[in-house]
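One structure is given below, encoded as structure tokens.
The values are calculated or read from the model by the stated rules, or taken from the named source; none is laboratory data. Owing to the predicted nature of the structure, the values given are computational and were not obtained by experimental measurement. Reconstructed Cβ throughout: ideal geometry from the backbone, glycine too, with neighbour counts over all protein chains shown. Surface accessibility is based on the protein's heavy atoms, side chains included, excluding ligands, DNA and RNA. Shrake-Rupley method; radii C 1.70, N 1.55, O 1.52, S 1.80 Å.
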Amino acid sequence: MLRKGITESFGAAVHAFSPGQLTERVIDRSKRMMLDTLGVGLLGSTTAVFNTALQYSQSFQSREKSSVWGREAFIPPHFAAFVNAIGVHSMDFDDTWHPATHPSGAVLPALLALAETLPRQPSGLDLLLAFNVGIEVQGRLMRFSQEAYDIPRRFHPPSVVGVMGSAAASAKLLGLGPAQCSHALAVAASSAGAPLANAATQTKPLHIGNAARRGLEAAQLAQMGLQGNPAILETDGGFGVYYKEFRPSEVPAPGSGGFRWILEDQDVAIKRIPAHLGMHWVVDAALAARAKLESTVGGFDVNRIRSVTLRVPASKYINNPFPVTEHQARHSFQFNACSALLDRNVQVASFQAPQLERPALRELLSKVKVETPTDNIPNFEKMYCEVQLEVDQGPTVAARCNTFYGHWRKPLRQKDLLEKFISNASRVLCMEGVEGVIDVIGNIEEEKDCAVLGSYLRMTSQHREKMISQVYI
């Protein structure tokens, strides 16, 4: 028997995955990821970058239409994937994996947009399987490079592996053959990669929007017979150009003794605040330092603070001393530490202009010093953050966070995940829509038709009132 090439083994695996191979843990974790993604995507539909992308996308027409989350709007499916994925990442509130990427945002919007166009609506189990195929492909590609394990320095990871995950998931939902699945990955590889220079800007959410859109398009083009390099993963000048060291290997056949889902062993981080993952460490450390100071001196007076020292891993794109936009603030150790110290929490409103422009915040930011100890590895598995406060006529206190609540080592409890979803989704949907999404995702493997999910994602208060009025006309 001829040995498969690496890309060929990926294509064969994408084709061969079956629902019976999903384990209980993988199902549970992926349902949590899906629910969280829908919640942050709905919240993201209120942002300026989402509205700009939607306005742009509505200028395009096609025979096929897919829905926009949280709106009574239908646009071409690849643009629906684009816009909804932008919503997911518009506040940097979406899940994060290790090695570093945002795994769900590039996959779920593509699948839901595609599902609405198919002649036979996929079941919930079909959707769940395709979602996990997209997550699995991303996980395997990242693990081929040691560089991918660290906080990124060159490319934004979802733009690199996300488009491949979207292509694999879309190919699975389309039911493509093994060779077509390989070509879908090859086509998608030519749309991979986005520079980190746009990280703290409105353009960053487009990285995930483009990944969702281009991956879906790659699968559809492969379905139509378009071919790419059949060895895109292993050949020189192929997908490996996005990493300094890239050593790919074949995927064991699904269902064989050599195969195990990566999600089985590696959980994801689900964020409590809408900011870059690194900010969660510094926020928890700042809150602990404030509590320690309060217990020591009997209160907290920001005017008595002489200096705030942050000991964080070295990373240029999350070092913004005086952010002036919400996107810079989401990527600022300094801003998030100071907001936590001033307000005792960091939340969605923390990044809006009135909070961002406060004189008290600007004054505190001027007192921040950043240190990057050599033992603080820029890696989401190994890093820590320490906050030290020096005050007038008082003690110096410090607190350190090694693992924040929500990290894969310390996952959110289901109760808190549901609370986050309800808080996010209820800003857009009526309660019937919120509860409907929770019910559908909670029982997704039992749903005969995943189209019911789309109907709940459009159930705003205005939509519900319109439907009720039509019943009584």
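Site pair Gln414 and Glu245 shows an inter-label distance of 4.1 nm when each label is modelled 7 Å from Cα along Cα→Cβ.
How large is Rg over Rh for the range 1-109, taking Rg from the Cα atoms and Rh as the Kirkwood inverse mean of 1/r across Cα pairs? Over the Cα atoms of the range 1-109, Rg/Rh equals 1.08. Spin-label pair Ala253-Thr52: with each label point 7 Å from Cα along the Cα-Cβ axis, the two points sit 5.0 nm from one another. Computed over the alpha carbons of the range 359-408, Rg followed by Dmax gives 13.8, 40 Å. Ordered from highest to lowest accessible area with the whole protein assembly present and a 1.4 Å probe, Asp392, Asp36 read as Asp392, Asp36. Listed by chain and number, the lysines placed with their C-alpha closer than 18 angstrom to that of Lys292 amount to none; residues fewer than eight positions away on the same chain are left out. The distance between label points at Gln352 and Glu445 comes to 4.1 nm (points 7 Å beyond Cα on the Cα→Cβ vector).
A helix-only calculation puts the chain at -14000 deg cm²/dmol for mean residue ellipticity at 222 nm, using -39500 (n - 2.57) for each DSSP H run of at least four residues, averaged over all residues.
Work through the residues other than Ser191 whose Cβ is under 11 Å from its Cβ and net out their charges, Lys, Arg +1 and Asp, Glu -1. Net charge in that neighbourhood comes out at +1. Compared with the alpha-carbon gap, the fully stretched path from Ser190 to Arg304 is longer by 35.6 nm at 0.36 nm per residue. Within the same chain, lysines fewer than 8 places from Lys4 are excluded, and of the rest, those with a Cα less than 22 Å from its Cα are Lys172. May I ask what percent, to the nearest 5, of DSSP beta bridges between residues of the chain are antiparallel? Roughly 80 percent of the DSSP beta bridges within the chain come out antiparallel. Based on every Cα atom in the range 108-247, Rg and the maximum pairwise Cα distance Dmax equal 14.6, 43 Å.
Calculated from the alpha-carbon coordinates, the chain shows an Rg and a Dmax of 22.6, 78 Å respectively. When the square roots of the Cα gyration tensor eigenvalues are ordered a ≥ b ≥ c, the ratio a/c for the range 6-49 is 1.5 or more and a/b does not exceed b/c, which makes its shape oblate.
Taken over the range 319-473, the percentage of Cα pairs per 10 Å bin, counting from 0 up to the bin with the maximum distance, is 8, 25, 27, 20, 13, 5, 1, 0. Here the dipole of the range 125-213 is about 160 debye; that uses its Cα centre as origin and unit charges on the Cβ of Lys and Arg (positive) and Asp and Glu (negative). The local environment of Ala349, defined by Cβ-Cβ distances under 11 Å, has a net charge of -2 under the rule Lys, Arg +1 and Asp, Glu -1. Taking packing as the residue-averaged number of other Cβ atoms within 10 angstrom, the listed peptides 37-49, 158-170 run from highest to lowest as 158-170, 37-49. Its relative contact order, with pairs defined as Cα atoms under 8 Å and 6+ residues apart, puts the chain at 21 percent.
Looking at the square roots a ≥ b ≥ c of the eigenvalues of the Cα gyration tensor of the range 206-252, which shape do they give, rounded for a/c under 1.5, prolate if a/b is larger than b/c, or oblate? Since a/c reaches 1.5 but b/c is at least a/b, the shape of the range 206-252 is classed as oblate.
Near Ser30: Cβ cut-off under 13 Å, other residues only, Lys/Arg at +1 and Asp/Glu at -1. The net charge is -4. Counting only Cβ charges, +1 for Lys and Arg and -1 for Asp and Glu, the dipole size of the chain around its Cα centre is about 600 debye.
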